[in-house]
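Colleague: Can you keep this structure in mind? I'll have questions shortly.
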Amino acid sequence: MINKNDRQVDEKLFTVSKDVEFCETDMAGIAHYSNAFRYVEYAETRFFQNGGMSICDPLYKWPILSTKCDFLRPMLFGDKIHIALNVARIGKKSITLKFLLYKESEDHTKEPVSKGQLTVICAQSSAKSKRIETVEVPGYFKDYLLEYLAEPARDMAPAD
């Protein structure tokens, strides 16, 4: 369960939902752990689109620099998984997102499934060097990210 005291009341979360599909599970109906990363990417893509940026933008690239995930309980076939994101850090050339995957139990309490963070760098392809080089996060996108910036030193949790 998510403790109400851990909730960030004034924190804005970007949340999308996705059902666990049969093809994502094993014979016991449990989703493979790697699907948590797919679900986070699903939410990240929509988060970027909501801010006017595409993961597949022709100018900006967003490769993952690092990721961390704690798995708290299994996702089962048919579960509706809610994926909540917010911004932990906005750097000059990188962004760190926190994520929480949770499902609602039969009594409508929110049960965390997994949580973690990922850091992406802002990059552009260079025609000269034929390499991807880091660049500053565009100002308009930083403005959008600030709307979802988490307070420091607090864990993310959805409102009950």
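Colleague: Can you give the convex hull volume of the alpha carbon atoms of the chain per residue, in Å³?
Modeller: Per-residue hull volume (Cα only) is 120 Å³.
Colleague: A further question follows. How many nm is it between the label spots at LEU149 and SER66, if each spot is 7 Å from the Cα in line with the beta carbon?
Modeller: If labels sit at LEU149 and SER66, their model points lie 2.1 nm apart.
Colleague: Using a cut-off of 15 Å between beta-carbons, work out the net charge of the residues near SER66 (Lys and Arg +1, Asp and Glu -1, SER66 not included).
Modeller: That sum, taken over residues with Cβ under 15 Å, equals +1.
Colleague: In the structure shown, do any of LYS98/LYS130; LYS18/LYS130; LYS61/LYS142; LYS68/LYS93 have a Cα-Cα gap over 26 Å, and if so which?
Modeller: With Cα atoms farther than 26 Å apart: LYS98/LYS130; LYS18/LYS130.
Colleague: Where does the charge balance sit around ILE55 when Lys and Arg score +1, Asp and Glu -1, over other residues with C-beta under 10 Å from its C-beta?
Modeller: In short, -1.
Colleague: For a label point 7 angstrom out from the Cα of ARG73 toward its Cβ, which stretches of the range 97-114 have the backbone nitrogen within less than 17 Å?
Modeller: 100-114
Colleague: Right, next: Most mobile of GLU104, GLU41, GLU133 per a Gaussian network model of the chain (Cα springs, under 10 Å)?
Modeller: GLU133
Colleague: Starting from the 7 Å offset along Cα-to-Cβ, what nm value, one decimal, do you get for the label separation of THR15 and LYS128?
Modeller: Placing both labels 7 Å along Cα→Cβ, they lie 4.7 nm apart.
Colleague: When only C-alpha pairs under 8 Å and at least 6 residues apart count, what is the relative contact order of the chain, in percent?
Modeller: Here the relative contact order equals 32 percent.
Colleague: Here is a follow-up. Can you tell me what percent of all Cα-Cα pairs in the range 104-156 are more than 13 Å apart?
Modeller: The answer is 78 percent, as a whole percent.
Colleague: For a Förster distance of 41 Å, can you work out the FRET efficiency between the beta-carbons of LYS80 and LEU59, rounded to the nearest 0.05?
Modeller: Using R0 = 41 Å, I get an efficiency of 0.70.
Colleague: Sticking with this structure for a sec: Are there trypsin sites (Lys or Arg not before Pro) in the range 59-144 that DSSP marks as loop and that have at most 16 other Cβ atoms within 10 Å, and which are they?
Modeller: Loop-located and lightly packed - LYS92, LYS93, LYS128, LYS130.
Colleague: What nm value, rounded to one decimal, do you get for the distance between ILE30 and SER105 when each label is placed 7 Å out toward the C-beta?
Modeller: Going by the 7 Å Cα→Cβ label model, 1.9 nm.
Colleague: Taking only Cα atoms and a 10 Å spring cutoff, compute GNM fluctuations for the chain and point out the largest among ASP57, ASP107, ASP79.
Modeller: ASP107
Every number in this text was worked out from the coordinates using simple rules, so none of it is lab data. Note that the coordinates shown come from a computational prediction; the quantities given were computed from them, not determined experimentally. Neighbour counts are summed over all protein chains in view; Cβ atoms, including those assigned to glycine, are modelled from backbone coordinates with ideal geometry.
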